[in-house]
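Below is one structure, written out as structure tokens, with a few remarks after it.
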Amino acid sequence: MVCAAPSEVIFTSGATEANNLALLGVPGLLEPNDSTRSNIVVSAIEHKSVLAAAAELGRRGWEIRTAPVNRDGIIDIDVFASMVDEKTLLASVMAANNEIGTIQPLSDVISICRDTGAMIHVDAAQAVGKIPISLADVDFASLSSHKMYGPVGVGALFVSSAAPVRPRPLFFGGGQEGGLRPGTLPVPLIVGFGAAAASRTPVMDEDALKSEKLRKHFLENLERRQVRFSLNGHKTERLPGSINIRIPDVNAVELIMRLGDRVLIADGSACSSGNIEPSHVLIAIGLNTKEASSSVRMFISRFNTTEDMEVAAERIALATGVIHQ
Ligand code: PLP
């Protein structure tokens, strides 16, 4: 878990803003051409709020290096090591992925950054509150309240007191949050976020066991009902309760429409500028567009039951049967 001093926690509207504050605020101190450091490294499966902020840095003259992941969705650590060099200002690697659930080898990532003097930002929105994670050695980390059962609309950027620099603010106004994030603080949301964070520690292990049991039950039920599927992401290095499966020859959007509102699943595509695009995460692990569009994901929460898993498997089996005909 993050053990931070109050002055190291900058409240934001969520992890999107925290990611932007880290990515744009840290290089915001410098211009690429008046620094000895001119490149930024991000992994290919980062959340769009990291990738889009990195793309903006690219437009401002920074060299953006995108580190690939392997078929399981784990960062290729040798390629990452070859990309991070003495010219790298900042690397951003997520702790766990929101689509396929894979958990990244953060200690290797951090030591590679330390060896070259690059700063390290971790998007920990999906990991904190679900798995034990230490952010003791990172410079910056993004958190999101609603990913840990807290209220929507609040998150934080952890800015280590040991970080070589503090980011520059993205907005200007009053002196709140040390001037780093001006604006009146949403105290009720922050209190809810704090309560959610505190409540996760005692139940995290128990929740993880329960959701893994439910996940297994769901997948066994699908098999028993003869739904053909393959798993996207790593078999074991993944967030408890995260499921991303490919059901060959099934269009994910059509499947979701047939399931109605009883089973909440998402497809492997994203709507961007009015176009449906395959998920960049599924493409990064080597799926083609057709395979990505046959993929669906779901997350088992602490409130789900064995019966939910059976209903979900049954509905999916029925729906895919119809689609196959
Ligand atoms: N980063 C990751 C890994 C996420 O899963 C999400 C939300 O889904 C975000 C960032 C954005 O978080 P927020 O909704 O708090 O802006």
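Annotations
- Of the strands (runs of 3 or more DSSP E) lying entirely inside segment 1-77, those containing at least 3 residues that are of a type in the set (A, V, I, L, M, F, W, C) and touching a residue at least 40 places away in the same chain (Cβ under 8 Å) are 9-12, 39-43.
- Filtering Ala124, Ala196, Ala208 for residues that are crowded, with 22+ Cβ neighbours inside 10 Å and either small (Gly, Ala, Ser) or assigned by TED's automatic domain parsing to the domain that holds Asn304 (or both) leaves a single hit, Ala124.
- Filter pass, Ile74 being at pLDDT 95 or above, open to solvent by 10 Å² or more (accessible area, probe 1.4 Å) and within 16 Å of the ligand (Cβ to nearest atom): yes
- Remark: pairs (first residue in segment 282-305, over 12 Å from Ala252 (Cβ atoms); second residue among the hydroxyl-bearing types (Ser, Thr, Tyr); Cβ separation under 6 Å; 6+ apart in sequence or on different chains) = Phe299/Ser242; Ile300/Ser211.
- Options Glu86, Glu99; residue that is among the acidic types (Asp, Glu) and within 16 Å of the ligand (Cβ to nearest atom): Glu99
Per-residue answers, yes or no, for (1) under 16 Å from the mean Cα position of the chain (by Cα); (2) open to solvent by 50 Å² or more (accessible area, probe 1.4 Å):
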residue	(1), (2)
Pro6	no, yes
Ala18	yes, no
Leu29	no, yes
Asp85	no, no
Asn97	yes, no
Ser111	no, yes
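- Residues that are in contact with a Gly (Cβ under 8 Å, 6 or more places away or on another chain) and within 16 Å of the ligand (Cβ to nearest atom) were ranked within segment 17-57; the one that is farthest from Ser82 (Cα to Cα) is Glu17.
- Only one entry of Pro151, Pro169 meets the criterion of being within 16 Å of the ligand (Cβ to nearest atom), in the same structural domain as Arg114 (by TED's automatic domain parsing) and farther than 19 Å from Val122 by Cβ, and that entry is Pro151.
The values are calculated or read from the model by the stated rules, or taken from the named source; none is laboratory data. Remember, it's a predicted structure, so these values are computed and weren't measured experimentally. All Cβ positions, glycine included, derive from the backbone under ideal geometry; neighbour counts span all protein chains shown. Areas reflect the complete protein model, heavy atoms only, side chains present, ligands, DNA and RNA absent. Shrake-Rupley method; radii C 1.70, N 1.55, O 1.52, S 1.80 Å.
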